[in-house]
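Structure first, then comments.
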Amino acid sequence: MPAPLVYFEFAGPDVAALRAFYSGVFGWQIGTDSAIAAANTGSLRGGLRQDPPDKVLYFGVPDITQSLATIAASGGTVVIPRTVVPGVVTFALFKDPAGNLLGLAEDGSFPA
């Protein structure tokens, strides 16, 4: 079964500046919790976070543990193993063979 793109994040040192930028450029309504509703982007939920500049795309999978094993066997690297954030999401981060940082979100572990 194909893994759909289910979430995205943009990071930077100044979340208020990111909020102003994406609201101003794309007209997105961004919550005080930095959440970006799917209604703003056409289909995909997202968020902003305070960290060094970065972007992460998250793919929905039924079993993160199995997916991470396949990733490692295919030349990828696990960065953050399966992690449960109670009431928010179960996720993991990995790098593809080129070094791109990507994420996994376990099906059913996050709000639609």
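For residue 85, indicate whether it is β-branched (Val, Ile, Thr) and loosely packed, with under 12 Cβ neighbours inside 10 Å. Full working, then the answer.
Details: β-branched (Val, Ile, Thr): yes; loosely packed, with under 12 Cβ neighbours inside 10 Å: yes.
Yes; evaluated as a whole, the condition is true for this residue.
Condition check: touching a strand residue (DSSP E or B) at 6+ places or on another chain (Cβ under 7 Å), of a type in the set (A, V, I, L, M) and exposed (fewer than 14 other Cβ atoms within 10 Å of the Cβ). Does residue 15 satisfy that? Steps first, please.
Numbers: touching a strand residue (DSSP E or B) at 6+ places or on another chain (Cβ under 7 Å): yes; of a type in the set (A, V, I, L, M): yes; exposed (fewer than 14 other Cβ atoms within 10 Å of the Cβ): no.
Considered against the rule, which asks whether it is touching a strand residue (DSSP E or B) at 6+ places or on another chain (Cβ under 7 Å), of a type in the set (A, V, I, L, M) and exposed (fewer than 14 other Cβ atoms within 10 Å of the Cβ), residue 15 comes out as no.
Test residue 102 against the stated conditions and say whether it is assigned to a strand (DSSP E or B), surrounded by 15 or more Cβ atoms within 10 Å (Cβ to Cβ), of a type outside the set (S, T, N, Q) and out of contact with any Lys or Arg (no Cβ under 6 Å at 6 or more places or on another chain).
Numbers: assigned to a strand (DSSP E or B): yes; surrounded by 15 or more Cβ atoms within 10 Å (Cβ to Cβ): yes; of a type outside the set (S, T, N, Q): yes; out of contact with any Lys or Arg (no Cβ under 6 Å at 6 or more places or on another chain): yes.
Yes.
If residue 68 passes every condition in (1) touching a Pro at 6+ places or on another chain (Cβ under 9 Å); (2) not in a helix (DSSP H, G or I) but one, which one does it miss?
Among (1) touching a Pro at 6+ places or on another chain (Cβ under 9 Å); (2) not in a helix (DSSP H, G or I), the lone unmet condition for residue 68 is (2).
Please enumerate the residues belonging to segment 1-42 that are assigned to a helix (DSSP H, G or I) and of a type outside the set (Gly, Ala, Ser).
The first filter runs over segment 1-42 and keeps only residues assigned to a helix (DSSP H, G or I), leaving 15-26, 38-41.
15, 18, 19, 21, 22, 25, 26, 40, 41, listed by residue number.
Identify the single condition in (1) of a type outside the set (A, V, I, L, M); (2) modelled with pLDDT of 95 or more; (3) over 23 Å from residue 100 (Cα atoms) that residue 32 does not satisfy, given that it satisfies every other one.
For residue 32, the failing item is (2).
Would segment 67-77 turn up any residue that is among the aliphatic types (A, V, I, L, M) and within 14 Å of the chain's Cα centre (by Cα)?
Residues of segment 67-77 that are among the aliphatic types (A, V, I, L, M), as a first pass: 68-69, 71-73.
Going one step further and asking which of them are within 14 Å of the chain's Cα centre (by Cα), we end up with none.
No, the conditions are met nowhere in segment 67-77.
Consider residue 41 carefully, then state whether it is within 25 Å of residue 96 (Cβ to Cβ), surrounded by 13 or more Cβ atoms within 10 Å (Cβ to Cβ) and at pLDDT below 95. Let's see the steps before the verdict.
Numbers: within 25 Å of residue 96 (Cβ to Cβ): yes; surrounded by 13 or more Cβ atoms within 10 Å (Cβ to Cβ): yes; at pLDDT below 95: yes.
Criteria met by residue 41.
To keep it simple, each residue is scored yes or no on (1) within 20 Å of residue 2 (Cβ to Cβ); (2) surrounded by 14 or more Cβ atoms within 10 Å (Cβ to Cβ); (3) in contact (Cβ under 8 Å) with a residue 60 or more places away in the chain.
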position	(1), (2), (3)
30	no, yes, no
51	no, no, no
58	yes, yes, no
98	no, no, no
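The values are calculated or read from the model by the stated rules, or taken from the named source; none is laboratory data. Note that the structure is a prediction, hence the values are computed from the model and not measured. Every residue, glycine among them, receives a Cβ derived from its backbone with ideal geometry; neighbour counts consider all protein chains shown.
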